[in-house]
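Student: Submitted below is the structure of interest, expressed as structure tokens.
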Amino acid sequence: MSFQLKIDLRQLNTFLTIAKVGSFSRASEKLYVAQPALSRQIRLMEEALNTEVFVRHGRGVALTVAGELLYEKAMTIFQDLERTQASIAAIAGEVTGQIVLGMLPTAADAFSGSIIEEYHRKYPRVRLSVKSAMSGTLQQMVSQHRVDLAITYNHGKQKHVQHTPLIEERLCLISPPMSEMAKRQTISLEEVLDLPLVMPEEKHGLRELLEKEAVKHQKKLQLAIEVNAWPLMTDLVKRGLGYTVLSYASVYEMVMRKEVVAIPISTPELHRSLAIVTPRDLPPSLATLKLAEIIMQHVTHQVEDGIWKGRPLFGKNALDSLSAPTDYGLAEV
């Protein structure tokens with residue numbers, strides 16, 4: 001089989017860099033290549049494709065419709081090349097490549113630092129980056145291959161992602177330390193629904209859960225403040241401006257510093273499940289599997305140490321199901 005390629009990887013890399021920074025001059029500085037040489041590469045590529053990929057304007061360049069399609073395809077090509085390189089290196093026992101981890105803001109504080117520290121120590125040749133976003137956004141990013149692995153709520157509307165159950169955690173009322181509620185050992189869900197709550201906006205999974213519970217109890221959430229910045233939400237509780245509902249692990253360090261109090265919710269208990277989410281149409285790299293392994297180990301240890309009040313949902317063969325290839329290329333449309 002022979003291929004008649006009219007563009008090369010160097011041109012594609014130049015194109016991607018210009019598209020990301022938005023101008024030839026900034027791309028020239030980033031690539032340490034003279035601007036006329038970059039212009040020539042793009043001109044030759046446009047001639048080969050018989051179309052323009054950039055529109056020039058006063059502040060730099062913007063992608064044409066053809067350029068947007070090329071950008072998407074070029075990103076996929078480079079990602080596939082990197083995964084191929086990492087897979088071949090793995091045959092020799094090396095874990096290499098680049099991996100993007102997605103974390104929920106309310107789960108990130110619980111153990112992300114220790115996970116990253118251990119992963120970097122064990123696999124220094126992997127470039128690891130972390131993105132924090134809400135559950136739905138993370139699942140969309142996984143389906144678009146912009147995130148390799150994410151920890152999200154174990155429910156979602158994305159059909160192109162695979163969920164591997166991680167942990168069912170018990171939720172608590174998070175109270176200011178000087179509140180009368182802070183003296184309680186437990187609190188009923190019905191009582192929680194009558195308190196002024198500091199909550200994220202409606203599309204957030206935690207807010208959706210509380211809204212559903214309020215409907216069941218024929219109540220309406222008493223919103224004190226609506227805020228999406230996770231550190232601000234707990235800071236407002238610490239300042240006595242309301243209460244919120246989170247897992248114990250989410251505020252463990254704040255509880256240890258006696259900045260807030262976590263009171264388990266009972267009658268009924270309130271839980272949420274977290275899962276590891278990966279693309280359904282792409283087998284995980286060795287680097288991704290090693291990251292999943294460390295995440296599961298840390299969840300197990302934190303439950304054993306009482307830092308994470310919950311129940312692990314994975315068994316000893318969880319990594320096998322994560323890497324099972326049965327669904328690749330067969331994701332629902």
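Since every read-out is calculated from the coordinates, none of them should be taken as a lab result. Being a predicted model, the structure only gives us computed values, none of them experimental. Counting neighbours? That spans all protein chains shown, and the Cβs are built from the backbone with ideal geometry, glycine included.
Student: Tell me the angle of helix 286-304 to the major Cα principal axis of the chain, expressed in degrees between 0 and 90 and rounded to the nearest ten.
Tutor: 10 degrees
Student: Please give the contour-minus-distance gain from Glu190 to Gln79: 0.36 nm per residue of separation, less the Cα-Cα distance, rounded to one decimal in nm. Provide the component values of the computation, followed by the final result.
Tutor: Details: separation 111, 0.36 × 111 = 39.96 nm, distance 4.94 nm.
My answer for the length gained is 35.0 nm.
Student: Among [x] 1.37; [y] 0.97; [z] 1.20, which one is Cα Rg over 2.2 N^0.38 Å computed from these coordinates?
Tutor: So the calculated entry is the one marked [z].
Student: Can you give the extra length, in nm with one decimal, that the chain gains between Gln297 and Thr51 once fully stretched, where that is 0.36 nm per residue apart less the Cα-Cα distance? Intermediate results must be reported in sequence, preceding the final value.
Tutor: Working: separation 246, 0.36 × 246 = 88.56 nm, distance 5.12 nm.
Computed gain between Gln297 and Thr51 is 83.4 nm.
Student: Given the C-alpha atoms of the stretch 15-57, compute the convex hull and give its volume per residue in Å³. Display every interim value, and only then the final one.
Tutor: Details: hull volume 2.8 nm³, N = 43.
Here the figure is 64 Å³ per residue.
Student: Given R₀ = 22 Å, FRET efficiency for Met181-Leu223 by Cβ-Cβ distance, to 0.05? Mind dumping the intermediate values first?
Tutor: Values: r = 17 Å, r/R0 = 0.79.
That gives a FRET efficiency of 0.80.
Student: Follow-up question, since we're still on this one. Take the cross-link list Lys30/Lys290; Lys6/Lys30; Lys6/Lys73; Lys159/Lys220; Lys212/Lys238 and give me the ones stretching past 22 Å between alpha-carbons.
Tutor: With Cα atoms farther than 22 Å apart: Lys30/Lys290; Lys6/Lys30; Lys159/Lys220; Lys212/Lys238.
Student: If you keep only loop residues by DSSP, which trypsin sites (Lys or Arg not before Pro) in the stretch 253-323 have at most 12 other Cβ atoms within 10 Å of their Cβ?
Tutor: Values: sites: Arg257, Lys258, Arg272, Arg280, Lys290, Lys309, Lys316; in loops: Arg257, Lys258, Arg280, Lys309, Lys316.
Those satisfying the criteria are Arg257, Lys258, Lys316.
Student: Separate question: Could you tell me which chymotrypsin sites (Phe, Trp or Tyr not before Pro) in the stretch 25-94 are loop residues by DSSP with no more than 10 other beta carbons within 10 angstrom of their beta carbon? Don't skip to the end; give the middle numbers.
Tutor: On the way: sites: Tyr32, Phe54, Tyr71, Phe78; in loops: Tyr32.
When the chymotrypsin sites (Phe, Trp or Tyr not before Pro) of the stretch 25-94 are filtered for loop state and at most 10 Cβ neighbours within 10 Å, Tyr32 remain.
Student: If I take R0 = 51 Å and measure r between the Cβ atoms of Leu313 and Arg10 in this structure, what FRET efficiency does the formula 1/(1 + (r/R0)^6) give, to the nearest 0.05?
Tutor: Numbers: r = 47 Å, r/R0 = 0.91.
According to the calculation, E is roughly 0.65.
Student: Now for a different question. Can you give the FRET efficiency for Ala37 and Val130, using 1/(1 + (r/R0)^6), R0 = 41 Å, r = Cβ-Cβ distance, to the nearest 0.05? Could the numbers behind the result be given before it?
Tutor: Values: r = 35 Å, r/R0 = 0.86.
With R0 = 41 Å, the Cβ-Cβ based efficiency is 0.70.
Student: Order of His271, His204 from fewest to most other C-beta atoms within 10 Å? Walk me through the intermediate numbers first.
Tutor: Values: His271 16, His204 20.
Going from sparsest to densest Cβ surroundings: His271, His204.
Student: Would you calculate, for the chain, the mean residue ellipticity at 222 nm contributed by helices, counting each DSSP H stretch of 4 or more residues as -39,500 (n - 2.57) and dividing by all residues, to the nearest 500?
Tutor: Working: 12 runs with 145 residues, N = 333.
The helix-only estimate for the chain comes to -13500 deg cm²/dmol at 222 nm.
Student: I'd like the GluC sites (Glu not before Pro) in the stretch 190-276 restricted to DSSP loop residues with at most 12 other Cβ atoms within 10 Å, sorted by number.
Tutor: Details: sites: Glu190, Glu191, Glu201, Glu202, Glu208, Glu211, Glu213, Glu226, Glu253, Glu259, Glu269; in loops: Glu201, Glu202, Glu259, Glu269.
Here the GluC sites (Glu not before Pro) that fit, given the DSSP loop and packing criteria, are Glu201, Glu202, Glu269.
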